[in-house]
Structure formats: structure tokens, C-alpha cells
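Below is one structure, written out as C-alpha cells; comments come after it.
Bear in mind these aren't lab numbers, they're just calculated from the coordinates by the rules spelled out. These numbers come from a predicted model, not from an experiment. All Cβ positions, glycine included, derive from the backbone under ideal geometry; neighbour counts span all protein chains shown.
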Amino acid sequence: MNGEVLVALNQLERERGISVDDLIEALEAALLSAYRKHTGTSAENVRVHFDRQTGAIKVLARRQVVEVVSDPKTQISLAEALARGPGYKVGDVIEEELEAKGFGRIAAQTAKQVVMARLREKERGMIYEEFAEREGDVVTGQVVRVERGVVIVDLGRVEGFILPGEQVRGEKYNERDRLKAYVLEVKRTPKGPQIFLSRTHPGLLKRLFELEVPEIRDGIVEIRAIAREAGMRSKVAVRAVLPEVDPLGACVGPRGARVQAISQELRGERIDIIEWDEDPRVFVANALSPAKVISVDVNPDERIARVTVADNQLSLAIGRDGQNARLAAKLTGLKIDIKSDREGR
């Protein structure tokens, strides 16, 4: 073994940020294990030393200086020690270099394995840190395959997983499809980080609006609430921070381009953009859009909003299978009871 290993370790520290001291410590431990296996010894008084100046590797055996030797492998007599050099006394430790035929080749292989293992460990750590910081964010990837109902997405240096419960019902995931997904959770495992993604989370819709609408990204328009039935329909409540800004127009975009781009990314999901209002009566009326509301009476204690609409608006307010009313209730946080003006008479 020569200085080439040391040069390689220093290069790894510069390029990959892996500490040379950590690498050498791991290398010495691995070489000691390899030496013991190679020689069939389990002696505890043997250690491996990597010279940080030259890159030389030595196997050293420690023996303690004693008056009377009871174990020649771990002890040396004071007389023998003094014969090797003056100044020794009982209790001192002498280290002697050991030789093992064929160990040089094993040492080189071990060094390579240790370096590669630390590189993998470092790479996994960096990937974990990168994606842990992106929990709650949106990533773009390419579908690799579907295994047992789990969609596997190539995210570059790591794969992400969309479990069945986080997939949109009826949405097809074909190989090489590019899609955006919400980073739901990042787990550290012995085999590397696991990235769990979602296509159904309301956070995906929120982040898509932030990416598509500059006014939201700049904080001029705020998203106050989202109600989503993934793949079907969503309602997004927004408000403008500045009175001169039209929050609905900003989100819809020129000729509907912005909201259409988001809808296309969600494969046709219908998106209603609602203006948020601090008055719950106004907010409930807005949330039931596109239906026209005659009146809203809110009971804050019971968290119920009683809504009256024209007879010809009742089915629109409720929506197919109750979807419009259901989303409005999720958006406002109120139970909504809808009646036609004819019923109220």
C-alpha cells in the first residue's frame, strides 16, 4: 500500500465532503477485521495503523513489559525490552510490526470496499437531507414502473413511491410519463432514503398554484383554504393582500391559462377559484359558486350555515352526488344546509 490511497482519500474529502479522519478510522477498523480473518487470530492486542503522511499501512501488536512473562503474545520481559532499547520499565507498552503473507492484496481490496461503502453512505445522507428539506414541496419525476399497485417514480438520484392510497382514482400511470407529485414523507433506512409521494394531497394543488401564479409566489395573493376531491373537483379560496389586486383574475390568468395549466397537470381536475371573505355568510355564498345564493344564516355555535337559493339553483348548489355542497362545507369548515326559496315559504 502506498501514498495513492492517501491521495484518493484527500480527493474524496475535497470533492465529496467526506472527512479523511473518518475514512481512515473506518479503514483501520476494516483492515483489522480483515487481518484477523486472514490470519485466523482474534488477539485483542493487535491494531492497524494508517500513516497519514505516507499512506503506509502497518499491523502492530502491543505487548506489555513485565517482570515475569505469563503470556508471550501479550507480554514481554523487562530484560528483553531493555535488550531492544534503554529506558523501558515495567508497565510500558511496546508495539511491534507484524507481517502476514498475502495481506497486502487483501488490504487493497478492503480499502476499496471501505471507501465505496462510505461514498454510498455519504450519498444516501446527502439525498436524505435534500429531500427531507423538501417535505411539503412538489417534485417532478418520470414513472419507471408500477409494482403491486405502487407507482415508482424516478426523481434523479433516488426513486419515489406513490402508494395506492395516494394515487388519484382512475388516473393511469404509464412508463415514462412525467408528473408532479407532493413530497409526503422522507424516511431514513439502512438501504437509503425512501421518498413517499402523493397525487391526492391538497398541498399538491397549493404548490402548483404557487408555481404557476406569480402573485401567490410573491405574497400579493394568499391561498386561505383548499377543499379537494382528487381527480374530480377542487375549490380554492383566495384573497388579495392589496385592494387593487383581483385575486380571482390573478389565479385564472389571461384567457384562463394559469388555472388551465394546473388542471392539465392534474389531468383534467376541475378547479373552482373562490374569493375568501372574513364574513362567513359571504364566504359560504362564494363557496357554493357557480350557484347563486339568496341568503345565508350562520349559527357559529353549531357551526351550521343555512342557505337559501332559488328553486332553479338548488341542484346546482348541491351539485352532482352532493359534490358542490360537500366541497363548500370542507372549504368553509361549516355544515351547510341548503334549501330552495320555495321550501322556505
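Before moving on, here are some points about what is shown:
- Hydrodynamic radius by Kirkwood, which averages 1/r over all alpha carbon pairs of segment 201-276, in angstrom: 12.1
- Equivalent ellipsoid semi-axes - Cα gyration tensor, segment 172-314, angstrom: 32, 18, 16
- Here the peptides 133-142, 56-65 are ranked by packing, the mean other Cβ count within 10 Å, and the order with the highest first is 56-65, 133-142.
- Straight Cα distances below 28 angstrom link Lys73 to the lysines Lys37, Lys58, Lys89, Lys101, with same-chain residues fewer than 8 positions distant left out.
- Binned Cα-Cα distances of segment 246-329, short to long, each 10 Å bin given as a whole percent: 17, 41, 32, 10, 0
- Debye equation applied to the C-alpha atoms of segment 41-83, log10 I(q)/I(0) at 0.13, 0.17, 0.29 Å⁻¹: -0.39, -0.59, -0.94
- Legend: residue pairs Lys122/Lys187; Lys122/Lys172; Lys172/Lys335; Lys180/Lys235; Lys122/Lys206, Cα-Cα distance threshold 27 Å; pairs beyond threshold, Lys122/Lys172; Lys172/Lys335; Lys122/Lys206.
- Expected 222 nm ellipticity per residue - DSSP helices of 4 or more, -39500 (n - 2.57), all of the chain, to 500: -11000 deg cm²/dmol
- Trypsin sites (Lys or Arg not before Pro) within segment 14-52: DSSP coil, no more than 14 neighbouring Cβ in 10 Å: Arg52
- Tensor-based shape of segment 3-131 (alpha-carbon gyration tensor, a/c under 1.5 rounded, otherwise prolate or oblate): prolate
- For segment 310-320, 3J(HN,Hα) per residue [Karplus equation, 6.51 cos²θ - 1.76 cosθ + 1.60, θ = phi - 60°, Hz, x = Gly/Pro]: 5, 4, 6, 9, 4, 5, 5, 5, 6, x, 4
- Electrostatic tally near Ala26: other residues with Cβ closer than 11 Å to its Cβ, Lys and Arg +1, Asp and Glu -1, net -4.
- Ranked packing of 247-257, 271-281, most packed first, by mean Cβ within 10 Å: 271-281, 247-257
- Under the span-like rule (Cα at least 24 Å along the axis, Kyte-Doolittle mean at least 1.6), DSSP H helices of the chain: none
- The orientation-averaged projected area of the convex hull spanned by the Cα atoms of the chain comes to 30.4 nm².
- Here the extension length gained between Arg255 and Glu302 equals 12.8 nm, from 0.36 nm per residue of separation less the Cα-Cα distance.
- Segments 319-330, 87-98 sorted - mean Cβ within 10 Å per residue, highest first: 319-330, 87-98
- When only alpha carbons are used to place a centre, segment 75-142 and segment 281-313 end up 71 Å from one another.
- Seen from a random direction on average, the alpha-carbon convex hull of segment 135-194 projects onto 4.2 square nanometres.
- Remark: segment 41-51, residue by residue, has Karplus-estimated 3J(HN,Hα) of 10, 10, 4, 7, 8, 9, 9, 10, 10, 9, 6 Hz, where x stands for each Gly or Pro and the curve is 6.51 cos²θ - 1.76 cosθ + 1.60 at θ = phi - 60°.
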